[in-house]
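Q: Mind looking over this structure? Questions follow.
The values are calculated or read from the model by the stated rules, or taken from the named source; none is laboratory data. Not measured: the values here are computed from a predicted model. Virtual Cβ from ideal backbone geometry, glycine too; neighbours counted across all protein chains shown. Accessible surface is based on the protein model in full, side chains and every heavy atom, while ligands, DNA and RNA are left aside. Shrake-Rupley method; radii C 1.70, N 1.55, O 1.52, S 1.80 Å.
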Amino acid sequence: SKYVEQVKDILARDLSEGMYFVTGNLTKEIFADDCSFVDPTNAVTGLSKYVTALGLLFDPAWSKVILKDIRVTGPNRIEADWRMGGWLRTEYFPWQPRVDPFEGHTIYTLNEEGLIIKQEQTWSISGFKALQQTFTPVPGPRTQLL
């Protein structure tokens, strides 16, 4: 797609500045409405569902995404490497769990219109480990993890 470089630049900003994995703050115009979002713990179809789900998880004040690298790897493919971690929202997780920093890789697939139709994540930790941390209380005051 002739838009793949532009989409990559917008994703780079949304990941490094917007940290959208923890904030939900992404540029909706570059995603197809029926985009599928897949990670080791979850699969969601639909942009609005995904954005809603993101807003329920991490506390953006206590969480971070660090973009390590993003590149175009095919005519309709962008890949990103990143690190993230943080504390989950106390209004939904009153036992104050945190997800320790981990590495991730995302593959974005674009459709003919140049919109992202699939976002697929793999992580350096298992989905089980991530879910386990979600249910583990962390005593004492919060500290920044990244």
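Q: For the chain, what does the accessible surface come to per residue with a 1.4 Å probe? Please give it in Å². Intermediate values should be presented prior to the final figure.
A: Details: 7480 Å² over 146 residues.
Heavy-atom accessible area per residue stands at 51 Å².
Q: If you don't mind, another one. With every protein chain present, what accessible area does R98 have (1.4 Å probe, heavy atoms only), rounded to the nearest 10 Å²?
A: Only protein atoms counted, so the area is about 70 Å².
Q: Further question on the same structure: Identify which of E120, E112, E103 has the largest mean-square fluctuation in a Gaussian network model of the chain, with springs joining Cα atoms closer than 10 Å.
A: Of E120, E112, E103, the Gaussian network model singles out E112 as fluctuating most.
Q: What ratio of Cα Rg to 2.2 N^0.38 Å holds for the stretch 37-99? Write down the numbers at each step before the final one.
A: Working: Rg = 14.1 Å, N = 63, 2.2 N^0.38 = 10.6 Å.
Normalised Rg, Cα atoms only: 1.33.
Q: Using the Cα centre of the stretch 30-87 as the reference point, and only Cβ charges (+1 on K/R, -1 on D/E), how large is the resulting charge dipole? Debye, rounded to the nearest 20.
A: The dipole of the stretch 30-87 has a size of about 160 debye.
Q: Can you give the FRET efficiency for T73 and F102, using 1/(1 + (r/R0)^6), R0 = 25 Å, r = Cβ-Cβ distance, to the nearest 0.05? Walk me through the intermediate numbers first.
A: Details: r = 22 Å, r/R0 = 0.88.
The calculated FRET efficiency here is 0.70.
Q: For T52 and Q6, what does the FRET efficiency come to when R0 = 41 Å and r is the distance between their Cβ atoms, rounded to the nearest 0.05? Each step should come with its number before you reach the end.
A: On the way: r = 26 Å, r/R0 = 0.64.
Calculated transfer efficiency: 0.95.
Q: Here's something else I'd like to know. Given +1 on the Cβ of Lys and Arg, -1 on the Cβ of Asp and Glu, and no further charges, what dipole in debye does the chain carry about its Cα centre, rounded to the nearest 20? List each step's numbers first, then the result.
A: On the way: 15 positive and 18 negative charges, 83 e Å.
Using Cβ point charges on Lys, Arg, Asp and Glu, the chain gives about 400 debye.
Q: Using unit Cβ charges (K, R positive; D, E negative) and no other charged atoms, how large, in debye to the nearest 20, is the dipole of the stretch 90-146 about its Cα centre?
A: Numbers: 4 positive and 6 negative charges, 69 e Å.
Roughly 340 debye, rounded to the nearest 20.
Q: Using only alpha carbons, build the gyration tensor for the stretch 7-70 and give me the equivalent ellipsoid semi-axes, biggest first, whole Å.
A: Taking √(5λ) for each Cα gyration eigenvalue gives 17, 16, 11 Å.
Q: Using alpha carbon centroids, what distance separates the stretch 1-55 and the stretch 114-136, in Å?
A: 14
Q: Quick one: grab Rg to one decimal and Dmax as a whole number for the stretch 74-146, Cα atoms only, in Å.
A: Reported Rg and Dmax, both Å: 15.9, 50.
Q: For the chain, what does the relative contact order come out to in percent, with C-alpha contacts under 8 Å and a separation of six or more?
A: RCO, the chain: 26 percent.
Q: Per the 1.4 Å probe, what fraction of the accessible area of the chain, in percent, lies on carbon and sulfur atoms?
A: Answer for the chain: carbon and sulfur cover 55 percent of the accessible area.
Q: What 222 nm value per residue comes from the helices of the chain, counting each DSSP H run with n ≥ 4 as -39,500 (n - 2.57) and dividing by all residues, nearest 500 deg cm²/dmol?
A: Using -39500 (n - 2.57) per qualifying helix, the result is -6500 deg cm²/dmol.
Q: Using only alpha-carbon positions, what ratio does the radius of gyration of the chain give when scaled by 2.2 N^0.38 Å? Walk me through the numbers on the way to the answer.
A: Numbers: Rg = 15.2 Å, N = 146, 2.2 N^0.38 = 14.6 Å.
Taking N as the residue count of the chain, the ratio is 1.04.
Q: Here is a follow-up. Within straight cross-link reach of K2, meaning Cα distance under 19 Å, which aspartates and glutamates are found once same-chain residues fewer than 8 apart are removed?
A: Cross-link targets: E29, E79, E112, E113.
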